[in-house]
1. Please enumerate the residues belonging to region 49-70 that are free of Cβ contacts under 8 Å to residues at least 12 places away in the same chain and open to solvent by 50 Å² or more (accessible area, probe 1.4 Å).
2. Residues of region 83-135 being open to solvent by less than 70 Å² (accessible area, probe 1.4 Å), charged (D, E, K, R) and either near the ligand (Cβ under 9 Å from one of its atoms) or assigned to a helix (DSSP H, G or I) (or both), which ones?
3. Please verify whether Met42 is under 30 Å from Gly144 (Cα atoms), open to solvent by less than 30 Å² (accessible area, probe 1.4 Å) and touching a residue at least 12 places away in the same chain (Cβ under 8 Å), treating the condition exactly as stated.
4. Using the structure shown, decide if Met42 is within 13 Å of the ligand (Cβ to nearest atom) and within 28 Å of Phe116 (Cβ to Cβ).
5. What pairs come out if I take residues in region 6-32 that are touching a residue at least 24 places away in the same chain (Cβ under 8 Å) and within 14 Å of the ligand (Cβ to nearest atom) and pair them with residues that are among the small types (Gly, Ala, Ser) and open to solvent by 30 Å² or more (accessible area, probe 1.4 Å) whose C-beta lies under 7 Å away, six or more apart or interchain?
6. One residue is enough: does region 100-109 have a residue meeting the conditions among the aliphatic types (A, V, I, L, M) and touching a residue at least 60 places away in the same chain (Cβ under 8 Å)?
Amino acid sequence: MNRELVKNLNGQMNFELYSSYLYLSMASHFKAQNLNGFAHWMDIQAKEEFGHAMKFYNFLHGCNEKVEFGAIAKPPAKWDSPLAVFEQVIKHEQLVTKRVNDLVSQSVTLGEHAAFAFLQWFVNEQVEEEASAVNVIQQLKLVGKAIFMLDNELAKRT
Ligand code: FEO
């Protein structure tokens, strides 16, 4: 396989591990606040991301290419609100989508059909990943609106 593509596939394996680390940090943040449902969602997300990294790992091994491990960056650990957490999730997933699209474009340009076929799973997965983050954001905004309306209501007490 093309050297540059192998390097970038390894880079994406690392980025998926970072994603797992980021979501585990978010899970830990929620757990510390006793928001156990949010923490559970993030735990599952972190496990999924580890699974994504393993797909790259297995694909590279399957192609007899070298798997290279790099340092995993330190994730953030503090957010102002659940909405701030999920706004970071969507931003992160949009970045993943861009990286996957770039890998797809590179595999097309290089005529690397096995990599192209492998990456299609990620193209579809990213549609779901973005949609589930947007869904939580919309619900959090509705909750915020409801609290604001209740606050206005309570302010009317005489
Ligand atoms: Fe593996 Fe959420 O992208």
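The values are calculated or read from the model by the stated rules, or taken from the named source; none is laboratory data. Keep in mind that this is a model prediction, so the values were computed, not measured. Positions of Cβ are generated from backbone atoms using ideal geometry, with glycine treated the same way; all protein chains shown enter the neighbour counts. Keep in mind that these areas ignore ligands, DNA and RNA; they rest on the heavy atoms of the full protein, side chains included. Shrake-Rupley method; radii C 1.70, N 1.55, O 1.52, S 1.80 Å.
1. Met54, Asn58, His61, Gly62, Asn64 - these are the residues of region 49-70 that are free of Cβ contacts under 8 Å to residues at least 12 places away in the same chain and open to solvent by 50 Å² or more (accessible area, probe 1.4 Å).
2. Glu93, Glu125, Glu129, Glu130, listed by residue number.
3. Yes.
4. No; evaluated as a whole, the condition is false for this residue.
5. Close Cβ pairs (under 7 Å, with a partner that is among the small types (Gly, Ala, Ser) and open to solvent by 30 Å² or more (accessible area, probe 1.4 Å)) amount to Asn14/Gly70; Tyr18/Ala73.
6. yes
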